[in-house]
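Asks: The following block contains the structure, expressed as structure tokens.
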Amino acid sequence: MIRPRWNSRALFQSSTRAAVAARVLLLMLFYAGLTAAVTYPQVRVLDRAIPNMVDGYFNIWRLAWIAHQLPRHPFELFDANIFYPERYTLAFSDALLAPGLVAAPLFWLHGNPVLIYNIVFLLGFALSGMATYLLVADLTANRTAALIAGAFFVCAPYRFDHWVHLEMQLTMFMPVALWALHLTIRTRRWRWALVLAAAFALQVFCCIYYGIFLIPILFVVAALLIAVEARQQIGRVLVLLAGAGAVAAVLVVPYMLPYLAARRAVGERPEEAVLYYSAIPKDYLAGRPDNWLYSGRLTATNHEERHLFPGLALLVCVAAALWPPVSRTAALYAAACATAFEASLGLHGYLFHWLRAWVLPFQGIRVPARFGMFVALLLAVLAGCGIARVARLMPARGRVALTAALVIVMILEAWTRVPLATVMTTPSPVDLWLRHHRRSVIVELPLPPPNAPFQESEGQPLYHSIFHWQPILNGTSGFFPASYLELLSRMESFPSGQSIQYLKTRGVRYVVMREYMFESDAFTRLRDRLAREPALDLVGRFAERNGESLVFETRQGGD
């Protein structure tokens, strides 16, 4: 049987609660320090800078929207203020429910939105390391192995391919779910089945992609565990797992209903997009081009989200686990890792084809390559098995030296240059003006071209809106509704009379222009044209730190 050498309820074996708390604190400090090192220099600018990409603004907007809407209209949480007048717009992408709930009290206290986002972002790394420590300590009964395995998961290169995708960093409940699955089958107790259900639901609330992808991984691990540990009491185990599944469904299904409603607008992901984001084996030799160590030394690929090289130090430790004779734990996780690898191949493989055909949630999946995070986690577990094998042959000083050496190598392998942008953290004068006006539909200029709606500039109107919460026609997400694409097309001729009349039919009251969002003298030219337009009135002019901002009001009485 696959059994640990210690009781899983005493993973931090200490004589007092204070000592247990101290050990947990030390572990958290270790993983927090490691997170700070691999994400440097972001830790120096937590209160004022985010990655210079549209998703950074989008992440803050999602967290802030949950804090804004929950105490006011909780049953309308998914009817967010973007893409007006579309409904369920929060469900066009991952809603970030769990991190939103955690961050909400900080927003209610009028905390710095950039600082709140960066704290949630970095906690995703550190807590993922802690959770992996918990799993590997239970599997190997070796703290050195658990510590290093957690560090490998914190430093997984795949994280840096998704630096701006907050939900992709919130992986802490994946190892917790696996740990609870082991305990459910081993102890055959309901308490662990309930922990399994809660961990699965929380992973869905953190990242729907990972929650969906967790289903086949748990199925494979459960099937193998039952085969080697619970054949004599399979009935009891199946009842527990079915109960866990039922509880998880009760928790998750209400959350998923808005996504099913939004599916009428979103539809299924087109096959060509799924194929583009399906990995090929060669992608597991591809590193990010801005990784300082491996840039130019690994296979190059221009495919987004398909830089899947797991790191050389990790692979060496995995080799130690798979060197014969292979333990049952290592064999089990090797099989689970092979499953995740095959699923990441998407439409280039077999498993994802079957899942897409028969499992409803997989029909909305656009990026099968995101199974790469599960490959990273399962390889970290295997690396822990390899480290445990080696560490048992070493004296205490040797284990300390091994840990230090591997951590240094991990940091060197993981460090990636990500450009950061300084962001205002307080309302601008124009946002304060909009906040104190009655509910009015807004469009912010400039808009992107209709053939390229995903532009960096479209993240900023979302971020601006957290200071006034007026409904806006602007938006960015994992999906662009037809009404938004029509807006971009009709606004190409702005400020023609037809385009202004179109804005009136969409209910727009205010047209907002911020000088810093325009190139060169484009702002001045458009400002002068709008000043001569009889269908618009200049009702607000504000001097800002980065240029002036203007608000024009549409005249609803006529052209």
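Read-outs: derived from the displayed coordinates by stated rules, not from any lab. Predicted, not measured: the structure shown is a model, and the values here were computed from it. Don't worry about glycine lacking a Cβ; one is built from the backbone with ideal geometry, like all the others, and counts go over all protein chains shown.
Asks: When a footprinting reagent is the concern and you count Cβ atoms within 10 Å, what order do K282, K504 take, fewest first?
Replies: K282, K504
Asks: Enumerate the residues in the stretch 520-542 having an amide nitrogen under 20 Å from the point lying 7 Å beyond the Cα of K504 toward its Cβ.
Replies: The answer is 529-540, whose backbone nitrogens lie closer than 20 Å to the label point.
Asks: Moving on. Order these by the 10 Å Cβ neighbour count, fewest first: Y333, Y294. Write out the running numbers ahead of the final one.
Replies: Working: Y333 28, Y294 22.
By the 10 Å Cβ count, ascending, the order reads Y294, Y333.
Asks: Taking 2.2 N^0.38 Å as the expected size of a compact globular protein, what ratio does the Cα radius of gyration of the chain give against it, to two decimals?
Replies: Working: Rg = 25.4 Å, N = 559, 2.2 N^0.38 = 24.3 Å.
Compactness ratio reported: 1.04.
Asks: Taking the 0 to 90 degree range and rounding to the nearest ten, how far is the long axis of helix 396-414 tilted relative to the main principal axis of the chain, both from C-alpha atoms?
Replies: 30
Asks: Suppose we keep just the DSSP beta bridges with both residues in the stretch 429-554; what percent of those would be antiparallel, to 5?
Replies: Taking every DSSP beta bridge within the stretch 429-554, about 70 percent pair in antiparallel fashion.
Asks: What relative contact order, as a whole-number percentage, does the stretch 307-428 give when Cα pairs under 8 Å and 6 or more residues apart are counted?
Replies: Normalised by residue count, the contact order of the stretch 307-428 is 36 percent.
Asks: Using packing as a proxy for protection, rank 90-103, 530-543 so that the peptide with the highest average count of other Cβ atoms within 10 Å comes first. Write out the running numbers ahead of the final one.
Replies: Working: 90-103: 22.3, 530-543: 14.4.
Going from most to least packed, we get 90-103, 530-543.
Asks: Applying 1/(1 + (r/R0)^6) with R0 = 22 Å to the Cβ-Cβ distance of R189 and A335, what FRET efficiency is obtained, to the nearest 0.05?
Replies: With a Förster radius of 22 Å, E is 0.30.
Asks: Here's something else I'd like to know. State, as an integer percentage, the relative contact order of the chain based on alpha-carbon contacts under 8 Å between residues 6 or more apart. Can you show the working numbers first?
Replies: Working: 898 pairs, mean separation 98.9, N = 559.
Answer for the chain is 18 percent.
Asks: Oh, and also: Nothing charged except the Cβ atoms of Lys and Arg (+1) and of Asp and Glu (-1): what's the magnitude of the dipole of the stretch 429-554 about its Cα centre? Round to the nearest 20 debye.
Replies: It works out to roughly 460 debye.
Asks: For Y516 and R72, FRET efficiency with R0 = 35 Å and r from the beta-carbon atoms, rounded to 0.05?
Replies: With a Förster radius of 35 Å, E is 0.70.
Asks: Determine the relative contact order of the stretch 429-554: mean sequence separation of Cα pairs under 8 Å and six or more apart, normalised by residue count, in whole percent.
Replies: It rounds to 29 percent for the stretch 429-554.
Asks: On to the next question. In nanometres, what is the gap between the two model label sites at W108 and V326, each 7 Å from Cα along Cα-to-Cβ?
Replies: Each label point lies 7 Å from its Cα, and together they span 5.1 nm.
Asks: Based solely on its DSSP helices, what 222 nm [θ] is calculated for the chain when runs of n ≥ 4 H residues each add -39,500 (n - 2.57) and the sum is averaged over all residues, nearest 500 deg cm²/dmol?
Replies: Result for the chain, helices only: -18000 deg cm²/dmol.
Asks: Same structure, new question: Please work out the ratio of the alpha-carbon Rg of the stretch 429-554 to 2.2 N^0.38 Å and round it to two decimals.
Replies: Its radius of gyration relative to the 2.2 N^0.38 Å reference: 0.98.
Asks: What is the fewest-to-most order of H437, H307, H182 by other Cβ atoms lying within 10 Å of their Cβ?
Replies: Going from sparsest to densest Cβ surroundings: H437, H182, H307.
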